[in-house]
């Protein structure tokens, strides 16, 4: 159960206030300090009802009554990790294509009509894919749950995958890439991915060429091979009972027969970092530089499982919220950026952590150095007790707020399931986070984050501050300088084969 | 697909990820509506539960709105001030927003950033936003910390203390925010230019985020004067949502806010009347790094409380809410001439603007694409204004509205925010419960009449957004004056 801590030194954690009545008389006129907090309320995970249909479909119902609203999500364990390097974007394209036509009650329904049917139910039909899963979901009012499930399951099981729709989506995706190629943050994140993972399963980056190679056959094969009942999860969260949820699952997914085709093979996902430890990309005319620092993170392998919460707390100390160390240094102390964000990505063979910020070109070297110094500094400066407690509270509070909405609960469930982790982890999250000790965070940083393991990517306008980019290059002899227009992710590196 | 939606709200924090996306999907829903339900109104199948709010006014003019919510472990504490970008002093565009950032610095009894100690360090979160008419401070905390937030909000309403180093540092942050939103984002400059096109007289013509130069001109004295002028109990609304005891809440509010003095000086108000547009106008904005050309058509719109507001919002939904909307189906799907297209209403307290926009596709020059896109946008608006509208299309919009409203009301923060907008736009938070009914009561004839009046028969400004030809212009280079 959650323990909340006093964080302002010297404040007594005493009497309950609003829950029981006004503050005691002794402090009645002292308004120079905040009143003490009341007794904490536990964070409670609602009951989750898990079951499996005979064909292997997993079902989780998370009843939450109060508002006549239900979120329905379908998840399949197929994601971009199975994309061949030269067809990066395949799983994503299939996810997008699902909603562009399906067979419904024996009739082919085309994209415009399908969109109308979905939106007439009040929610938009959203589809997307991650590294190891593809999801389809809608949030609707209670009376519309059944037609929504009918639509979702038709789209999942019987998509048309029409060639003209593929062509349309491909053109749009290529145009969207063109827009992303003017966004320094988007370029930095793609460069960072390739820099860290190399040509492994998680280094895939879609480009115009990889999208052009995708044929209807590729997508049909992926659907046939990868979309299988035993790899499918239905989550219903909100105004629905466990019995009704289970009955609906049986009605719409019970007759789906298991596939006899061999399941998809996944490429190796071991990180294969490229040689340069620093990559600088010139994007002429852009209004700001994007700075990203990468570091290794825990994997999903059982060996790393004991370190998962320690890793999450280490991330929180550096980047968990407004007050964490990176934002303290870059924004609060120095005003160098609107904010620093961090994220972590975990796969079977490895994981990566990244911090990123946008800043004036003239400050790019300083921001990169501040980010690196904070990552490296964690090994020497473990979090003090109050700092650790604050960042643990941030993690716990963020988790508790996700439990406040149907979509938040559904996302917690689908994330665990996609990673092959048991839902009982939800009940352990809070106590495990609160059990992490400062020394464990320090030890984690010392082992995982030595200087040689960090990578830095800066995308900006070199001509706006040449000396800054020279300074960045001078700091690391392995630096690679590139023009944004010369980037090419179609091969295994960052440039076209001829240029390497 | 390119996502291009005008971002009208400036927030203290960088928003990460898409968690807020559902709330933002129909941004106009929470804001406004004005016509009473007509005889043709159809009852929704499920009802939107009432907010069940309770309100009272303290002797010093502070309006207090309480939204009880039994069973939640989270409380939302919000203070909405009736001051926004329109109140930026002359030559100080962006000031209200910069000021919002300063409210997280030092006060007489709080060290700088103590708000973060009181919120995120105990598992809560804080944020704030500045819009044209309002600045709102929104915290979510574990329910047992509610009273501490009341203390802190009262503290910064009375005792803000600013110093030059923290002002300089926060100004730099706001300038980076401007660079990130406007200069580094592929369509940032386009949206930054719209208010100046829509409004000719009203201070709404200055973008809320302001300009680097005006932000540089702001002084510490400006901050003190602004706080004195606008941050006072009779210009504020306190909204509390969560599981609390009514009597205990009232006692705590009285204790922390009751003794704040109401200043004698009147609150200055913008009284500029925005005149109707006299003639059409055409502009071209060339910028570095414009990946696909884009176009915006801008009309003046009515104020939020105007009787036509609800029908304009429904027109916006018919034209551009979702994939099945008319503009998406025609321009993006069928004709494949646009990456994205839409029609947005931004109806502020004093005056509004209506924007139709489209982003082109790759492979054809702007000079060829933009006139065709302009014609296509006008064709879709014209077809909605003059042609048939199927009942199913209206039903779809009604269901979208209801579902979005229910989704927003899942959390104390969402309910408090719905009450806040209703209070700001209609002067009555209870209107939050009627907003939906009013939108759902709009009929085809209403939509067609308002489109004819405010769009088809009105003058407009047309903005073409294209790649500049030569080397990057001085505007794209970093600005002077950074510390």
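The values are calculated or read from the model by the stated rules, or taken from the named source; none is laboratory data. Everything numeric here is computed off the predicted structure, so don't read it as measured data. Counting neighbours? That spans all protein chains shown, and the Cβs are built from the backbone with ideal geometry, glycine included.
A search for C-beta distances below 6 Å between a residue of region A:40-56 that is within 14 Å of chain B (Cβ to nearest Cβ) and any residue that is part of a loop (DSSP other than H, G, I, E, B) and surrounded by 18 or more Cβ atoms within 10 Å (Cβ to Cβ), counting only pairs 6+ apart in sequence or on different chains, returns A:40/A:4; A:41/B:73; A:42/A:2; A:43/A:2.
Looking at residue B:145 and the list (1) assigned to a loop (DSSP other than H, G, I, E, B); (2) within 11 Å of chain A (Cβ to nearest Cβ); (3) touching a residue at least 12 places away in the same chain (Cβ under 8 Å), which single condition is not satisfied? The failed condition is (1).
Annotation note: Cβ proximity below 9 Å between a residue of region A:183-195 that is facing chain B (nearest Cβ under 9 Å) and a residue that is part of a helix (DSSP H, G or I) (sequence gap 6+ or interchain) occurs for A:184/A:484; A:185/B:180.
When residue B:200 is tested against (1) in a loop (DSSP other than H, G, I, E, B); (2) facing another protein chain (nearest Cβ under 10 Å), just one condition goes unmet, and that condition is (2).
For region A:253-281, name all the residues that are over 23 Å from residue A:221 (Cα atoms) and outside any loop (DSSP other than H, G, I, E, B). Selection gives A:278, A:279, A:280, A:281.
Can you tell me which of A:295, A:357, A:344 is in contact with a strand residue (DSSP E or B) (Cβ under 7 Å, 6 or more places away or on another chain), part of a strand (DSSP E or B), modelled with pLDDT of 95 or more and within 18 Å of residue B:174 (Cβ to Cβ)?
A:357
Restricted to region B:281-375, the set of strands (runs of 3 or more DSSP E) holding at least 3 residues that are more than 30 Å from residue A:164 (Cα to Cα) and either at pLDDT below 95 or more than 18 Å from the chain's Cα centre (by Cα) (or both) comprises B:281-287.
Taking the stated definitions as given, is residue B:161 touching a residue at least 24 places away in the same chain (Cβ under 8 Å), more than 8 Å from every other protein chain (Cβ to nearest Cβ) and closer than 17 Å to residue B:115 by Cα? Yes: the conditions hold for residue B:161. Here residue B:181 passes the criteria (1) more than 7 Å from chain A (Cβ to nearest Cβ); (2) at pLDDT 95 or above except the one numbered (2). May I ask you to say which residue of B:141, B:79, B:64 is under 24 Å from residue A:388 (Cβ atoms) and touching a strand residue (DSSP E or B) at 6+ places or on another chain (Cβ under 9 Å)? Exactly one of B:141, B:79, B:64 is under 24 Å from residue A:388 (Cβ atoms) and touching a strand residue (DSSP E or B) at 6+ places or on another chain (Cβ under 9 Å), namely B:141. Within region A:365-372, none of the residues are within 8 Å of chain B (Cβ to nearest Cβ), at pLDDT 95 or above and surrounded by fewer than 22 Cβ atoms within 10 Å (Cβ to Cβ). On inspection, residue A:486 does not qualify as out of contact with any helix residue (DSSP H, G or I) (no Cβ under 8 Å at 6 or more places or on another chain) and without any contact (Cβ under 8 Å) to a residue 24 or more places away in the chain.
Look through region A:450-461, keep the residues that are surrounded by fewer than 21 Cβ atoms within 10 Å (Cβ to Cβ) and touching a helix residue (DSSP H, G or I) at 6+ places or on another chain (Cβ under 7 Å), and return whichever of them is farthest from the other protein chains (Cβ to nearest Cβ). For region A:450-461, the residue satisfying everything is A:451.
Do you know which residues across region B:160-177 are part of a helix (DSSP H, G or I) and either in contact with a strand residue (DSSP E or B) (Cβ under 9 Å, 6 or more places away or on another chain) or within 21 Å of residue B:225 (Cα to Cα) (or both)?
B:164, B:165, B:166, B:167, B:168, B:169, B:170, B:171, B:172, B:174, B:176, B:177
Taking region B:82-131 as the range and being outside any helix (DSSP H, G or I), without any contact (Cβ under 8 Å) to a residue 12 or more places away in the chain and on the phi < 0 side of the Ramachandran plot as the test, the residues that pass are B:90, B:111.
When B:451, B:456 are screened for being over 22 Å from the mean Cα position of the chain (by Cα), modelled with pLDDT of 95 or more, more than 14 Å from chain A (Cβ to nearest Cβ) and crowded, with 20+ Cβ neighbours inside 10 Å, only B:451 passes. Taking the listed residues B:413, B:423, the one that is crowded, with 23+ Cβ neighbours inside 10 Å and within 14 Å of chain A (Cβ to nearest Cβ) is B:413, with no other qualifying.
Among B:209, B:272, B:253, which is the only one that is within 14 Å of chain A (Cβ to nearest Cβ), part of a loop (DSSP other than H, G, I, E, B) and in contact (Cβ under 8 Å) with a residue 60 or more places away in the chain?
B:209
Every test in (1) closer than 27 Å to residue A:157 by Cβ; (2) part of a helix (DSSP H, G or I); (3) in contact with a strand residue (DSSP E or B) (Cβ under 9 Å, 6 or more places away or on another chain) is passed by residue A:217 save one, and that test is (3).
Being buried (at least 23 other Cβ atoms within 10 Å of the Cβ), facing chain B (nearest Cβ under 10 Å) and not in a helix (DSSP H, G or I) is a condition met by at least one residue of region A:71-87.
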